[in-house]
Amino acid sequence: MQIKLENVSHTYMPGTPFETRALIDINLTIEQGEYLAIIGQTGSGKSTLVQHLNGLLKPTSGRILIDGKEVDKTAYREIRRRVGLIFQFPEQQLFAETVFEDVAFGPKNLGLPEAEVRRRVENAMLLVGLDPQELGDRSPFTLSGGQMRRIAMAGVLAMEPEVLILDEPAAGLDPRGKKEILDQIDRLHREEGLTVVLVSHSMEDVASRAKHLLVLVDGRQKMYGTPAEVFRDGQELAEMGLGLPQMCLLMHKLRAAGKDVPTDIFTVEDARDAILKMLGVPQT
Amino acid sequence: MYRGVSPIEIIRAKGLGFKYQQADTGECWALRDISFTINKGEFIVILGPNGSGKSTLAKHLNALLLPTCGEVWVNGLLTSDEANHWQIRQLAGMVFQNPDNQIVATTVEEDVAFGPENLGVPSAEIRARVDEALELVGMAGYKKHAPHLLSGGQKQRVAIAGVIAMRPECLILDEPTAMLDPRGRIEVMETVQRLNKEGITVILITHFMEEAVIADRVMVLADGRLAMSGTPAEVFMRGDELRALGLDTPPVVRLAQELRLAGVELAPSVLTVEELVSELCR
Amino acid sequence: MNMFRSITIGQYLPGDSLLHRLDPRAKFIALLLFIVAIFLVNTYWGYLILAVIVTTFLFTSGIPLSYFFRGLRPVYYIMLFTLLIHIFFTKGGSVLLRLGPATIDSYGIYLGFYMVLRIIFLVVSTSLLTLTTSPIALTDALEYFMKPLSYLGVPAHEIAMMMTIALRFIPTLMEESEKIMKAQMARGADFESGNIINRAKNLVPLLVPLFVSSFRRADELAIAMEARCYRGGMGRTRLRELQATPRDFLAVAVAGLIIAVIAGTGL
Ligand SMILES: Nc1ncnc2c1ncn2[C@@H]1O[C@H](COP(=O)(O)OP(=O)(O)OP(=O)(O)O)[C@@H](O)[C@H]1O
Ligand SMILES: Nc1ncnc2c1ncn2[C@@H]1O[C@H](COP(=O)(O)OP(=O)(O)OP(=O)(O)O)[C@@H](O)[C@H]1O
Ligand SMILES: [Mg+2]
Ligand SMILES: [Mg+2]
């Protein structure tokens, strides 16, 4: 499915002393198969934006088109099914007595038959790398933080959405846990063909994974493009309070020191090759 | 009481072990046979995967938890002696991961005053300490603000000010940047470094490997044991061991390692982007 | 749902008016006296005087009128209800209208309007207090007034501390429930339709996570307070000791005077 935002603005509590303009005039098209990362500081409107994509919030002005059709009231339930949204620290939404029941909550709300619910739950748990037989009957509250996070993700995947939105999925995990979760998302994108929208603070995590980046500053869309395009100008990002990924920063600094290296480099391996080339060391 | 205190030592743990009673799985040794000393003015970073016992260890350093076996001294005071608790907690202040769950009052200045109020400091002196602490963390302009309207980085700096106002010798921070965005993290890290320069001992727990490179010493916990200890350069040299534990090295350190493997000569102490750039441009 | 974040407790709006600057204890006492006056008054002249006093404070308090009246919205229904009850059920005076067996009497209308006036004065004067006094100042004042009770074993400090913490955490918990509600809605939960039993059942996915997280918060907060040497009210000092100035005594005296005049002249 394609999601298109046309001049979308959102104002919280209009007409009160607490009025906040959280989004201003956003134009954005998310194509089928996209991997979009939204980056921006605290309060820049990232969460507000993604909640528009599955109908939890409605634009104060502007329109949202799904596959070319404007979303109206009757379509919101349908959109929530097709666009899965995983909030930050999703383990905080677990509530059921067993892992199985928790993951089954979404499919049951869709009114699916028992057998289909079971199939979906088991499938979703496998997708996030958990064993349904082993964990299905455990209480979610006795599991480790990383496992709880996966179960919460499975709860959304069990709705079998076409688009998966994740708000800071790796926050608070150790480096291995973080890499595992992000790799899992990459796999869902690649193998299951899900459209992915990833909200993140970390340039490091998104630069080498996303196809496109959207940079939000104070509710406005400041930059949009491929990682190479967005990270071309380090100065501008720094002014927005957003850093460059470490490898990219290194390349910018080498360039500033007069070395001839490319700057669209985001992984350690690419950086190694570029530096070896710069030094004229033969590569194996 | 421990007598052989050298003048600069502030924390000493000896054979420290700690056991939680868990409802479902029985007992769980969260710390096993840990020994170390920390000197005044040091900047210590503690790394370790989820569940390795970092928070449990931190809570032993200001007597919020007491050892199941072994001993912990803070400034020569034994934590197992209940009579020492209040003095230890004043000496070793603690900042937690979730800024929301440690701010008590409904305005910033009232919250910073909470510690000194508990210590029975006279009003006028509290005022002075609150102003000074907020100045130090760069939040002097927010005295009357309600905490729930601040950003994560600001809340965390308020929490730090709340500890500083108690005039501690030592600041223990348990993943203070885990819930913050890059700017919030920089704000907090700069604040902590500034306080360390003022002479406060800092013990920082973190999952961000980049934050460890500024430490004087890094301690790595794994499964409740002290697995490594040394300067950042020493610890990050052992990248494969770190990765086996579920940790990592900062990308630059990994890159430097890769370059060495490919035959590029680099000093062993490369930890930051700046250092690598100056090495390569030599 | 988006209103959760807007709830500023008791709707306090910071400002610098005379009302904002008065000592909370003085405001409390003056309000109590004023409430007594509201119930003593029973002539139109008396109400006029009260109205002048209240509107003067309202206009000088710096609170936007729209904001003020929005906060009063729930009270409108109570006023309407009171008025109707009196009109239909209070008998006396001359009969103005006869609807079958029921009558509407002049005394009913008279009393109805009186009661509504009193409610208006009560609500307006009380919200003037909560709008211009920060929650902490209110708690401080309460703790002060409760202090004599602590000799009778009432835990005055603990009650005040509990109120402070409750005030601190209400917005946090509101935000949290909004977040959990949205997370469950994203999984197809429905909090709005169905009969009462179904709706109550549908709340489980909201309430369980809310309880779990509140307990965790309570636990972490207790540890954080202990780490900052909290050990009850004993030996505690305060950043701001309440300090009454001549202005505060004057405010209480003026309020007292108003009552005396009203009682004395029978307004
Ligand atoms: N429910 C709400 N009611 C009122 N204001 C809100 C609400 N949610 C967000 N805001 C405000 O809207 C702005 C954008 O908030 P949003 O949560 O979208 O930012 P964000 O980019 O997701 O930040 P973070 O990185 O902290 O999650 C902020 O100023 C915030 O205070
Ligand atoms: N209150 C508790 N009761 C029982 N067991 C606990 C408790 N707190 C922690 N544990 C257990 O002790 C071990 C160490 O936990 P700790 O919280 O110290 O780890 P950590 O290194 O701080 O992890 P993280 O990186 O996730 O914060 C874990 O196995 C954990 O399950
Ligand atoms: Mg957000
Ligand atoms: Mg921890």
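Selection over the stretch B:49-71 of residues that are open to solvent by 20 Å² or more (accessible area, probe 1.4 Å), outside any loop (DSSP other than H, G, I, E, B) and within 9 Å of ligand 4 (Cβ to nearest atom) gives a count of 1. Screening A:Met247 against (1) within 10 Å of another protein chain (Cβ to nearest Cβ); (2) of a type in the set (A, V, I, L, M, F, W, C); (3) open to solvent by 50 Å² or more (accessible area, probe 1.4 Å) leaves a single unmet condition, (3).
Do we have any residue at all in the stretch A:29-39 that's in contact (Cβ under 8 Å) with a residue 24 or more places away in the chain, assigned to a strand (DSSP E or B), more than 16 Å from ligand 2 (Cβ to nearest atom) and open to solvent by 40 Å² or more (accessible area, probe 1.4 Å)?
Step one: filter the stretch A:29-39 for residues in contact (Cβ under 8 Å) with a residue 24 or more places away in the chain, giving A:29-39.
Going one step further and asking which of them are assigned to a strand (DSSP E or B), we end up with A:29-30, A:35-39.
Checking the rest, the ones that are also more than 16 Å from ligand 2 (Cβ to nearest atom) come to A:29-30, A:35-39.
Filter once more, keeping what is open to solvent by 40 Å² or more (accessible area, probe 1.4 Å): A:29.
Yes, the stretch A:29-39 contains at least one residue that is in contact (Cβ under 8 Å) with a residue 24 or more places away in the chain, assigned to a strand (DSSP E or B), more than 16 Å from ligand 2 (Cβ to nearest atom) and open to solvent by 40 Å² or more (accessible area, probe 1.4 Å).
Residues to consider are B:Glu258, B:Glu241, B:Glu279, B:Glu265; find the one that is closer than 29 Å to B:Asn50 by Cβ and more than 26 Å from the chain's Cα centre (by Cα). Don't jump to the end; show me each part of the working.
Details: B:Glu241 fails: more than 26 Å from the chain's Cα centre (by Cα); B:Glu279 fails: closer than 29 Å to B:Asn50 by Cβ; B:Glu265 fails: closer than 29 Å to B:Asn50 by Cβ.
Unique residue meeting the criteria: B:Glu258.
Taken together, A:Leu198, A:Leu214, A:Leu237, A:Leu242 contain a single residue that is within 12 Å of chain B (Cβ to nearest Cβ) and within 16 Å of ligand 3 (Cβ to nearest atom), which is A:Leu242.
Matching residues to (1) charged (D, E, K, R); (2) at pLDDT 85 or above; (3) on the phi > 0 side of the Ramachandran plot:
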site: A:Val199; (1), (2), (3): no, yes, no
site: A:Arg220; (1), (2), (3): yes, yes, no
site: A:Thr226; (1), (2), (3): no, yes, no
site: A:Arg232; (1), (2), (3): yes, no, no
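Of all the criteria given as (1) closer than 22 Å to B:Ser55 by Cα; (2) within 15 Å of the chain's Cα centre (by Cα), the one not satisfied by B:Ile103 is (2).
Take the conditions (1) open to solvent by 30 Å² or more (accessible area, probe 1.4 Å); (2) more than 14 Å from chain C (Cβ to nearest Cβ); (3) not polar (S, T, N, Q); A:Val128 misses just one of them, which is (1).
Kindly establish whether B:Arg89 is closer than 14 Å to B:Arg167 by Cβ, facing chain C (nearest Cβ under 7 Å) and in a helix (DSSP H, G or I).
Values: closer than 14 Å to B:Arg167 by Cβ: yes; facing chain C (nearest Cβ under 7 Å): yes; in a helix (DSSP H, G or I): yes.
In short, yes.
When A:Asp174 is tested against (1) away from chain C (no Cβ under 14 Å); (2) over 20 Å from A:Phe87 (Cβ atoms); (3) open to solvent by 20 Å² or more (accessible area, probe 1.4 Å), just one condition goes unmet, and that condition is (3).
Comparison of A:Phe95, A:Phe105, A:Phe89 shows that the only residue that is open to solvent by 10 Å² or more (accessible area, probe 1.4 Å) and within 16 Å of ligand 4 (Cβ to nearest atom) is A:Phe89.
Scanning the stretch A:68-92 for residues that are out of contact with any helix residue (DSSP H, G or I) (no Cβ under 7 Å at 6 or more places or on another chain) and not in a helix (DSSP H, G or I), which turns out nearest to ligand 2 (Cβ to nearest atom)? So, considering only residues that are out of contact with any helix residue (DSSP H, G or I) (no Cβ under 7 Å at 6 or more places or on another chain) and not in a helix (DSSP H, G or I), the one nearest to ligand 2 (Cβ to nearest atom) is A:Phe89.
Condition check ((1) over 27 Å from A:Ala171 (Cα atoms); (2) in contact with a Phe, Trp or Tyr (Cβ under 6 Å, 6 or more places away or on another chain); (3) among the charged types (D, E, K, R); (4) away from every other protein chain (no Cβ under 14 Å)) across all residues:
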| residue | (1), (2), (3), (4) |
| --- | --- |
| A:Lys4 | yes, no, yes, yes |
| A:Thr20 | no, yes, no, no |
| A:Pro59 | yes, no, no, no |
| A:Glu70 | yes, no, yes, yes |
| A:Gln88 | no, no, no, no |
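Since B:Leu173 meets every condition but one in (1) surrounded by 21 or more Cβ atoms within 10 Å (Cβ to Cβ); (2) among the hydrophobic types (A, V, I, L, M, F, W, C); (3) farther than 30 Å from C:Ile165 by Cβ; (4) under 13 Å from the mean Cα position of the chain (by Cα), which condition does it not meet? Only one criterion is unmet by B:Leu173, namely (3). For beta carbons closer than 8 Å, sequence separation of 6+ or different chains, a first residue in the stretch A:41-56 that is under 16 Å from A:Glu78 (Cβ atoms) and a second that is within 6 Å of ligand 1 (Cβ to nearest atom) and aromatic (Phe, Trp, Tyr), there are no qualifying pairs.
Here's the yes/no breakdown for (1) assigned to a strand (DSSP E or B); (2) open to solvent by less than 60 Å² (accessible area, probe 1.4 Å); (3) away from ligand 4 (no atom under 16 Å from the Cβ):
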site	(1), (2), (3)
A:Glu116	no, yes, yes
A:Arg119	no, no, yes
A:Arg149	no, yes, no
A:Gly155	no, yes, yes
A:Pro169	no, yes, yes
A:Asp183	no, yes, yes
A:His189	no, yes, yes
A:Glu204	no, no, yes
A:Arg209	no, yes, yes
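Checking each residue in the stretch B:152-182 for being of a type in the set (A, V, I, L, M, F, W, C) and closer than 22 Å to B:Val74 by Cβ picks out B:Ala159, B:Ile160, B:Ala161, B:Val163, B:Ile164, B:Ala165, B:Met166, B:Cys170, B:Leu171, B:Ile172, B:Leu173.
Restricting the search to the stretch A:217-230, which residues are away from chain B (no Cβ under 14 Å) and among the hydrophobic types (A, V, I, L, M, F, W, C)? Before the answer, list the steps.
Taking the stretch A:217-230 first, the residues away from chain B (no Cβ under 14 Å) are A:219-230.
Once the filter is applied, which keeps residues that are away from chain B (no Cβ under 14 Å) and among the hydrophobic types (A, V, I, L, M, F, W, C), the stretch A:217-230 yields A:Met223, A:Ala228, A:Val230.
Annotation: B:Val112 fulfils all but one of (1) of a type outside the set (S, T, N, Q); (2) assigned to a helix (DSSP H, G or I); (3) on the phi > 0 side of the Ramachandran plot; the unmet one is (3).
Evaluating A:Thr48 against the criteria (1) within 16 Å of ligand 3 (Cβ to nearest atom); (2) in a loop (DSSP other than H, G, I, E, B) leaves one unmet condition, (2).
With respect to B:Gly162, determine if the residue is away from ligand 1 (no atom under 16 Å from the Cβ), within 13 Å of chain C (Cβ to nearest Cβ) and at pLDDT 90 or above.
Working: away from ligand 1 (no atom under 16 Å from the Cβ): yes; within 13 Å of chain C (Cβ to nearest Cβ): yes; at pLDDT 90 or above: yes.
When the stated conditions are applied, B:Gly162 passes them.
Checking each residue in the stretch A:49-58 for being open to solvent by 10 Å² or more (accessible area, probe 1.4 Å) and either modelled with pLDDT of 95 or more or polar (S, T, N, Q) (or both) picks out only A:Gln51.
So which of B:Val95, B:Val112, B:Val108 ends up being within 16 Å of ligand 4 (Cβ to nearest atom), crowded, with 24+ Cβ neighbours inside 10 Å and closer than 30 Å to B:Gly184 by Cα? Show your work before the answer.
Values: B:Val112 fails: within 16 Å of ligand 4 (Cβ to nearest atom); B:Val108 fails: within 16 Å of ligand 4 (Cβ to nearest atom).
Every option except B:Val95 fails the conditions.
The residues of the stretch A:151-179 that are more than 16 Å from ligand 1 (Cβ to nearest atom), under 15 Å from the mean Cα position of the chain (by Cα) and of a type outside the set (A, V, I, L, M), listed by number, are A:Pro161, A:Glu162, A:Lys178, A:Lys179.
The values are calculated or read from the model by the stated rules, or taken from the named source; none is laboratory data. The structure displayed is predicted, hence computed values, not measured ones. Here the Cβ is made from the backbone with ideal geometry for all residues, glycine too, and neighbour counts use every protein chain on show. Accessible surface is based on the protein model in full, side chains and every heavy atom, while ligands, DNA and RNA are left aside. Shrake-Rupley method; radii C 1.70, N 1.55, O 1.52, S 1.80 Å.
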